[in-house]
1. Treating only the Cβ of Lys, Arg, Asp and Glu as charged (+1, +1, -1, -1), what charge dipole size does the chain show about its Cα centre? Round to the nearest 20 debye.
2. With +1 on each Lys and Arg Cβ and -1 on each Asp and Glu Cβ, and nothing else charged, work out how big the dipole of the stretch 118-202 is about its Cα centre, in Debye to the nearest 20.
3. Express in Å², to the nearest 10, the accessible area of residue 101 obtained by rolling a 1.4 Å probe over the protein heavy atoms while all chains stay in place.
4. Please label the shape of the stretch 217-273 as rounded, prolate or oblate, based on the square roots a ≥ b ≥ c of the eigenvalues of the alpha-carbon gyration tensor (a/c under 1.5 means rounded; beyond that, a/b larger than b/c means prolate, else oblate).
5. Using the alpha-carbon atoms, what tilt in degrees (0 to 90, nearest 10) does helix 198-248 show relative to the longest principal axis of the chain?
6. Calculate how steeply helix 256-282 sits against the longest principal axis of the alpha-carbon atoms of the chain, using the helix alpha-carbon long axis, and give the answer as 0 to 90 degrees to the nearest 10.
7. If you line up the long axis of helix 15-31 against the longest principal axis of the chain, both from Cα atoms, how many degrees apart are they, to the nearest 10?
8. How many percent of Cα pairs in the stretch 10-136 exceed 20 Å?
Amino acid sequence: KLSGRPMDLKEVVHPADLARVREVLAAALEKRTLVELEYRIEPAGSGCRWISCKGDVLSDSSGVPTRITGTVMDITARKQAEQELRRQALIFESFYDGVVIADLSGRILDWNPSAERMFGRSKPEALGQTLFAVLHPAETDVMTGNMLATLEQVGRWTGELEFQRRDGTVCSCECVAVPLRDAEGRAIASIMVHRDITERKLLQSRLVMADRLASVGTLGAGVAHEINNPLAYMLVNLHLIRVGMERLEAVAPPGTISALQQLVQETTEGAERIASIVKDLKM
């Protein structure tokens, strides 16, 4: 009853819940079962609120069910808290970055699907272990202690992790860890956000290689220019020597000039080969 008069369900129950409430109540009356029901009501001037209803079916002397008697409880605050938790859970699950929640000793309490994809391990495998132990099971964990000490002293830890997934692919990720605090400011856990930077590091290495190749090209062109200058007058001088020996051939002893001409010819060929290499360097 409300305001001293009986009221129909549709006067208070939220329209979206009305059919469900009537169905549950009708089924309880028919089967004489315990009623447990949560629904929204809209009393005039009070706004929408959540109600939890628990009751029993009472029957008359002939055994015919006549009414349902029980208690109702306002659970609006609890429902709002549940909705907020669901909203936060959806945000947590939908992050593209890998999010890891760890306790105060660094052991994993939860991580999102992106972390499973990034690390190549399922959540059940990781729970209760430190992240370093999950990614490097055969190595001594030196990261967790440093991270926890930095979080306590500075309130923030950043670093890079490199590891190999089970499929053999190598992944690099940057990590930012911060304390997770309760309403009174006490640290109750830590949250670590990981971003895959494998492609970025690969691009950086390619840029470094390209820069080195550019430096080598500049060096090669400079060396070629320095060699080309003395090589030019060497070739000119060899040509002049050859012309001069042809003039001396008529007055020199037989065989003397021909041997020298052979040496000049071989030296000229060597110089021309150097000129070809220099041309390739400049290109």
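The values are calculated or read from the model by the stated rules, or taken from the named source; none is laboratory data. For clarity, every value in this text was computed on a predicted model and none was experimentally measured. Virtual Cβ from ideal backbone geometry, glycine too; neighbours counted across all protein chains shown. Remember, those area values only see protein heavy atoms, side chains included, never the ligands or the DNA or RNA. Shrake-Rupley method; radii C 1.70, N 1.55, O 1.52, S 1.80 Å.
1. Numbers: 34 positive and 38 negative charges, 178 e Å.
Once rounded to the nearest 20, the dipole reads 860 debye.
2. About 160 debye.
3. 30
4. Numbers: a/c = 6.45, a/b = 3.16, b/c = 2.04.
Here the stretch 217-273 falls in the prolate category.
5. That works out to roughly 10 degrees.
6. Roughly 20 degrees between the two axes.
7. Long axis of 15-31 versus the principal axis of the chain: about 50 degrees.
8. Working: 5063 of 8001 pairs.
Cα-Cα pairs in the stretch 10-136 separated by more than 20 Å: 63 percent.
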